[in-house]
Each structure stands twice: as C-alpha cells, then as structure tokens.
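Student: I have a structure I would like to understand better, so I am pasting it below and will then ask my questions one at a time.
The values are calculated or read from the model by the stated rules, or taken from the named source; none is laboratory data. Here the structure is a predicted model, which is why all the values come from computation and not from measurement. Just so you know, the surface numbers come from the protein's heavy atoms only, side chains and all, with ligands and any DNA or RNA stripped out. Shrake-Rupley method; radii C 1.70, N 1.55, O 1.52, S 1.80 Å.
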Amino acid sequence: MRIYLRAVIASLLLICAPIALADSVTVQLRQLLGDLKSLTARFDQRVTDAEGFEIQAMTGTMTVARPGNIYWRSSPPYEQVLVADGKTLWLYDKDLEQVTVRPFMKDIANSPAMLFIGDTVDLDKQYRVSRADGENGISIYTLIPKDGSAVYVKLMVSFVGKKPVAMELWDSLGQITHIA
C-alpha cells in the first residue's frame, strides 16, 4: 500500500510540475510587466517575410505608460506619429498629410502593445507563457495566444534584468516584426 501511495504521489508531482513551472513563469512575466509603469526608448524595427527577407525597416522613438498611453514617432522614410490616451487613437501620416482618429480599444485591445500599457492580471488567460535564458543575462519570454483569432501567433519579449530590450512578433503569414 505504501509503495502504491508513493507511486501515485510521484506521478502527480511529475504531472503537476510542468503546470506549476508554467504558472511561475507567467507570474514572473506579470511581475516584470506590472512593475513597468512607463517606458521611453529609441527603437529599431524590421519586418521580414517567411524566408527572412527584409520587407520594411524603420527607426523612431516611443513612450508608453499605463493605462493606455502611447506616443510612437517613426523617422523618415516612414514618418508617422501615433498617439493614444486610452480612449482615442490618433495616427498622423506625414506623407499623406492625414490624421486618422479611431476608438482606442478597436485597434489596440488585441495588440501586443497591451503588454506595456494594459492590465496584466489576465496574462495567463490570454497566453501560454514559457521562458528561456539567453546570453548576457537576457530572459526571453515566449507568449502563444490562446485565442486563435489573435493578431499575432507568437510573441517574444526579451528582458535584461527588469528592462525590456526587444520584442519579436510572428503573424499568420509568417512575417516577423523585430523591435529592439
């Protein structure tokens, strides 16, 4: 009876260990993102196709803050300014000399930007999260959306300590957006 009980307990531990590990990784990421109230950075963004060929490259600056505030300015040749206040999103395209105004939640609610400007309480309900440790103290969190209709099929967010340093986004067409 004791051997049987030990076998059952050992089996349960083996089954539950990956679940507990995944939960702890989600808690770690939620803590990192939750501690990040605002972020200002210069960015380099590249979009590559499924074969790895560069489709687009841009640079710029961004400031994001919880809840829902974004200021994103890209440099020439793709000059745009995106501003959001949690209710409204404004996009100014310099080439078109045009401002587009939209409800904030329509465009941003399902985007990866919500990781940095939204509530992270339901992170585990929205994503399956895993973590890998890279070189030079980089922690790489991979997020797979649980919702099949999500804008991106996979996200990776890299941190050095508590500071986010890169993000990669895979769309359903195989394109990858690299942001550093």
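Student: Show which lysines lie in cross-link reach of K125 when reach means a straight Cα distance below 19 angstrom and same-chain residues fewer than eight apart are skipped.
Tutor: List returned: K146, K154.
Student: Let me ask something else. Treating cross-link reach as a plain straight distance, find the lysines whose alpha-carbon is under 22 Å from the alpha-carbon of K87, omitting any fewer than eight places away in the same chain.
Tutor: K37, K106
Student: Give the carbon-plus-sulfur fraction of the accessible surface of the stretch 51-180 in %, rounded to a whole number; probe 1.4 Å, heavy atoms of protein chains only. Each step should come with its number before you reach the end.
Tutor: Details: 4180 of 7730 Å².
Result for the stretch 51-180: 54 percent of the exposed heavy-atom area is carbon or sulfur.
Student: Rg (Å, one decimal) plus Dmax (Å, integer) for the alpha carbons of the stretch 53-180?
Tutor: According to the Cα coordinates of the stretch 53-180, Rg and Dmax are 15.4, 44 Å.
Student: Pop out the ³J(HN,Hα) list for the stretch 170-180 in order, Karplus 6.51 cos²θ - 1.76 cosθ + 1.60 with θ = phi - 60°, rounded to Hz; leave Gly and Pro as x.
Tutor: Result, ordered by residue: 9, 9, 5, 8, x, 6, 10, 9, 10, 10, 10 Hz.
Student: Here's something else I'd like to know. How much accessible area per residue does the stretch 28-74 have, counting only protein heavy atoms and a probe of 1.4 Å, in square angstrom? All intermediate terms of the calculation are to be shown ahead of the outcome.
Tutor: Values: 2630 Å² over 47 residues.
Accessible surface, normalised per residue, equals 56 Å².
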